[in-house]
Amino acid sequence: MKKYFFILSIAAISALSYSCNTNFSPYAPSTQQYVLNFVIRADTNFQTATLSKSYPATSTNPYSNQADNSVHGAVIRVWQNDQVSILRDTTVPRPQPSSYTSPLSVYYNNNFQMQGSSQVTVEALLPDGTRLTSSSTVPDNVTFNYGSIDTLIPMPNANVVSLYWSTTKSDVVTMPRLSILYYSYTTGSRKLNKFVVPLSYVTVGNQLVANYPKPLTQPGYTVDLATFGQAMQLLSAGDPAKSKYEILIAQIEVFSFDQYLSMYYDSTVRSTDTYLVTLDSPDYTNIKGGLGIFGIYNKTTGIIKISQDYIRSFGYTPALPFF
């Protein structure tokens, strides 16, 4: 037994010594891939896409690359039923901060309006003959359940704002956004503003940080009336002249994602939790012939009235006196 253990120990030490002497490189051999990212917003006729190519890493610092790897001169076409549109190649100022110094290259079309529940196909034909394709279906608008959703803020004897909707398909990911619409006066001019109400406020150090809703699979959520009240106060923070703020309504917007954007969310955000640290992200793609994401999302908008007495309790002026 002792001899057997000694042989195993020598073998283990030898293997360890061999592995320590082996050169290790974090840079694996790579094959160039083309990347098409195209997310269509169904409630507008202005669409943009980006087209780029992969490149070998020269550093472990992801921000070290300064070479623009955008692909120019491609023909990107979009089909919906018998309608065909072509995206044009252009450049726009690059959002900062960025390690890239050149303008951002995009493809765009400002005359392509989606039709509900129809199939949409995209094809990108690159200068070297490479063809990238993908297809998806326009998601339906959600329907607000006004039998369950609050029609007035605040509702009698309620301490939350309830927001609910329904969809025609299951397992659809939606993204809600609740906002307060109001007028303010700056240098004598009247300006329409929108203040987004978070799910909650969290105190971090000496700062109040907004915690906004994440994409949901359930058709609804609630916001504490106390949080809504904090948002009402913060929209005029630092300005003592409260009466010059005219509160209009609360607006609820629900963004509904197609199956591929929903699957992308499943493969990224939902694959982690508070206690899990990932060293890499899943390589989700639905582009044939390359990498990237093609998806479609829609937006449905509804309104909720705000009580005049509630508005006046903050010192504001009701903009719509008939509520």
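The values are calculated or read from the model by the stated rules, or taken from the named source; none is laboratory data. Only a predicted model underlies this, so the values are computations on that prediction, with no experimental measurement involved. Glycine also receives a Cβ, built like all others from the backbone with ideal geometry; neighbour counts cover every protein chain displayed.
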Please name all residue pairs, on different chains or six or more residues apart, with Cβ atoms under 7 Å, provided the first residue is in the range 180-193 and is of a type in the set (D, E, K, R) and the second residue is at pLDDT 95 or above.
Arg190/Tyr183; Lys191/Tyr183
Would you say Val39 is out of contact with any Pro (no Cβ under 9 Å at 6 or more places or on another chain), at pLDDT 75 or above, under 21 Å from Ser105 (Cβ atoms) and aliphatic (A, V, I, L, M)?
yes
Scanning the range 155-193 for residues that are within 19 Å of Leu216 (Cβ to Cβ) and charged (D, E, K, R), the one farthest from the chain's Cα centre (by Cα) turns out to be Lys169
Does Pro215 meet the test of being touching a Phe, Trp or Tyr at 6+ places or on another chain (Cβ under 6 Å) and surrounded by fewer than 17 Cβ atoms within 10 Å (Cβ to Cβ)?
yes
Would you mind stating whether Leu152 is of a type in the set (A, V, I, L, M), surrounded by 12 or more Cβ atoms within 10 Å (Cβ to Cβ), within 30 Å of Ile247 (Cα to Cα) and within 21 Å of the chain's Cα centre (by Cα)?
no
Got a sec? Which of Gly292, Gly302 is more than 17 Å from the chain's Cα centre (by Cα), assigned to a strand (DSSP E or B) and either modelled with pLDDT under 95 or not aliphatic (A, V, I, L, M) (or both)?
Gly302
Residue that is surrounded by the most Cβ atoms within 10 Å (Cβ to Cβ) [pool: residues in the range 223-266 that are acidic (Asp, Glu) and farther than 30 Å from Val39 by Cβ]
Glu246
Out of the residues in the range 109-144 meeting the condition of being touching a residue at least 24 places away in the same chain (Cβ under 8 Å) and in contact with a Pro (Cβ under 9 Å, 6 or more places away or on another chain), tell me which one is surrounded by the most Cβ atoms within 10 Å (Cβ to Cβ).
Val142
Residues located in the range 168-199, provided they are small (Gly, Ala, Ser), more than 18 Å from Pro215 (Cβ to Cβ) and part of a loop (DSSP other than H, G, I, E, B):
Gly188
